[in-house]
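Here is the structure we will look at, set down as structure tokens.
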Amino acid sequence: MSMSHTRTQRLTLIAILSAISFGLMLFPQIPLIPGADFLKLDFSIVPVIIAGYWLDLPAALWTVLLRTILKLILANEGVNTYLGLPVNLVAIVVFTAILFWLLPHFNVKSLSRQVLAIVAATLGLTIAGVLMNWLVAVPLYAQFANFDIAKMIGLGKYFVGMVIPFNIAQGIIWGIVSFAILSLLKPIQHKVTA
């Protein structure tokens, strides 16, 4: 197979996975925490994880970047997109990077290693979620969207009752669903990436 054919195949797979990831940003969106309907779980990370394990980590990062650009262009919700998307982008990049650092090659038989990678990636995701909310989302939403969570319920309740539980649940669900789908798709991986 020629170098240009391999490159074209790689770019095509990244584009397809980016489009699927974009679609999964829009549906389904599942609120996990009562009273925090704005914190919604989506499954756009699954194609990102597939890109990473079928190709490599740079492919995963390109997939999430392209999916983010598609969201900005095709499904922009104004201030909610401009403020929420960077938080989501950082969350996915942190989760993905930790996952690939601890589990560089997906192996269906290494369940204990998968659990360790999911737990560590979820911990990183939760820390990133708290920091991004504290430093970016909370102050910017208060300034640009007139949604001051500090005044409404207080930062302590927001972080302890919403952000931390949401990110823990999200990370565990992301890991389980992504690895389950990777396991199901394992038989066709070689056909798609060869």
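Open to solvent by 70 Å² or more (accessible area, probe 1.4 Å), in contact (Cβ under 8 Å) with a residue 12 or more places away in the chain and in a helix (DSSP H, G or I), is that true of Ile176? Yes, satisfied.
For Phe159, indicate whether it is among the aromatic types (Phe, Trp, Tyr) and open to solvent by less than 60 Å² (accessible area, probe 1.4 Å). If you could, list the steps in order and put the result at the bottom.
Details: among the aromatic types (Phe, Trp, Tyr): yes; open to solvent by less than 60 Å² (accessible area, probe 1.4 Å): yes.
So Phe159 fits the description; yes.
Of all residues in the stretch 24-47, none that is on the phi > 0 side of the Ramachandran plot and assigned to a loop (DSSP other than H, G, I, E, B) has its Cβ atom under 7 Å from the Cβ atom of a residue that is surrounded by 14 or more Cβ atoms within 10 Å (Cβ to Cβ) and small (Gly, Ala, Ser), 6 or more apart or on another chain.
Could you tell me whether the stretch 71-78 includes any residue that is open to solvent by less than 50 Å² (accessible area, probe 1.4 Å), within 19 Å of Gln170 (Cα to Cα) and assigned to a helix (DSSP H, G or I)?
The initial filter retains those residues of the stretch 71-78 that are open to solvent by less than 50 Å² (accessible area, probe 1.4 Å), namely 71, 75, 78.
From what is left, the residues that are within 19 Å of Gln170 (Cα to Cα) are none.
No, the conditions are met nowhere in the stretch 71-78.
Whenever a residue of the stretch 96-109 is modelled with pLDDT of 95 or more, it has no partner that is of a type in the set (Asp, Glu) and open to solvent by 20 Å² or more (accessible area, probe 1.4 Å) lying with C-beta atoms less than 7 angstrom away and at least six residues away or across chains.
To keep it simple, each residue is scored yes or no on (1) surrounded by fewer than 21 Cβ atoms within 10 Å (Cβ to Cβ); (2) over 30 Å from Phe144 (Cα atoms).
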residue: Leu66; (1), (2): yes, no
residue: Pro86; (1), (2): yes, no
residue: Leu99; (1), (2): no, yes
residue: Asn107; (1), (2): yes, yes
residue: Ser112; (1), (2): yes, yes
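The number of residues in the stretch 88-97 being open to solvent by less than 20 Å² (accessible area, probe 1.4 Å) and over 28 Å from Pro187 (Cα atoms) comes to 1.
Residue-by-condition table, conditions (1) farther than 27 Å from Val163 by Cβ; (2) modelled with pLDDT of 95 or more; (3) of a type outside the set (A, V, I, L, M, F, W, C):
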site	(1), (2), (3)
His5	yes, no, yes
Thr8	yes, no, yes
Phe22	no, yes, no
Pro28	no, no, yes
Leu32	no, no, no
Pro47	no, yes, yes
Ala59	yes, yes, no
Thr68	no, yes, yes
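Condition test on Leu140, is it under 26 Å from Ile69 (Cβ atoms), over 14 Å from the mean Cα position of the chain (by Cα) and touching a residue at least 40 places away in the same chain (Cβ under 8 Å)? Steps first, answer last, please.
Values: under 26 Å from Ile69 (Cβ atoms): yes; over 14 Å from the mean Cα position of the chain (by Cα): yes; touching a residue at least 40 places away in the same chain (Cβ under 8 Å): yes.
Against the criterion (under 26 Å from Ile69 (Cβ atoms), over 14 Å from the mean Cα position of the chain (by Cα) and touching a residue at least 40 places away in the same chain (Cβ under 8 Å)), Leu140 qualifies.
Set side by side, the residues Lys186, Lys157 differ, and just one is touching a residue at least 12 places away in the same chain (Cβ under 8 Å), of a type in the set (Lys, Arg) and more than 22 Å from Leu89 (Cα to Cα), which is Lys186.
The values are calculated or read from the model by the stated rules, or taken from the named source; none is laboratory data. All of these numbers come straight from a predicted model, not from anything done at the bench. Note: ideal-geometry Cβ built from the backbone for every residue, glycine included; neighbour counts use all protein chains shown. Accessible surface is based on the protein model in full, side chains and every heavy atom, while ligands, DNA and RNA are left aside. Shrake-Rupley method; radii C 1.70, N 1.55, O 1.52, S 1.80 Å.
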